[in-house]
Amino acid sequence: MLKANWGNQLGGSVADEKQLANEKVGDINCYVFETELKGVTTRLWIGKEDFLIHQVREVSNTEAVKAALDHAAKITGVQPKNVPQGITSTETHYNIVVNK
C-alpha cells in the first residue's frame, strides 16, 4: 500500500488497486497505479528509481460531483445552479527534493 503523511493517495484498499502500463512523467520512468472509489478514479505515477509520486490525476464522474455538491449544500445552505459533467484534475511534481 502506498502511504505518506497524507494517507493512502489511491483511497481504496490494496485489493482495489491495479497496475497499468509504465509511463514517463517528463524524463522520469514511472510505475502507474489506478483505483476507483465512489465515482472518482485516481491514477498515480510513481518513480521507478525514487518511489516518489511524480503525478496524480483524479477524474470524478457526474454522480460523484453531484454528491459532493449536495453534501456541501447541506453544510452551506447554497445549492449550485449548474453541475459539471465531471471534473479532471492533474497535479505534476517537478524537481522534487527530499531531505536536502
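Can you tell me the relative contact order of region 14-92? Whole percent, Cα pairs under 8 Å, sequence separation 6 or more.
22
Quick one, which of (i) 37, 31, 23; (ii) 81, 25, 21; (iii) 47, 31, 24 is the actual Cα extents along the principal axes in Å calculated for this model?
Label (iii) holds the value from this structure.
Could you work out how far helix 62-76 tilts from the main Cα principal axis of the chain, as a 0 to 90 degree angle to the nearest 10?
Tilt of helix 62-76: around 60 degrees.
In percent, what relative contact order does region 53-100 have, based on Cα pairs under 8 Å that are 6 or more apart in sequence?
55
Post the alpha-carbon centroid distance, region 17-31 to region 48-100, in whole angstrom.
So the separation of the two Cα centres works out to 20 Å.
The numbers here are math on the coordinates, done by the rules we state, and not lab data. On a predicted model such as this, the values are computed, not experimentally measured, just so you know.
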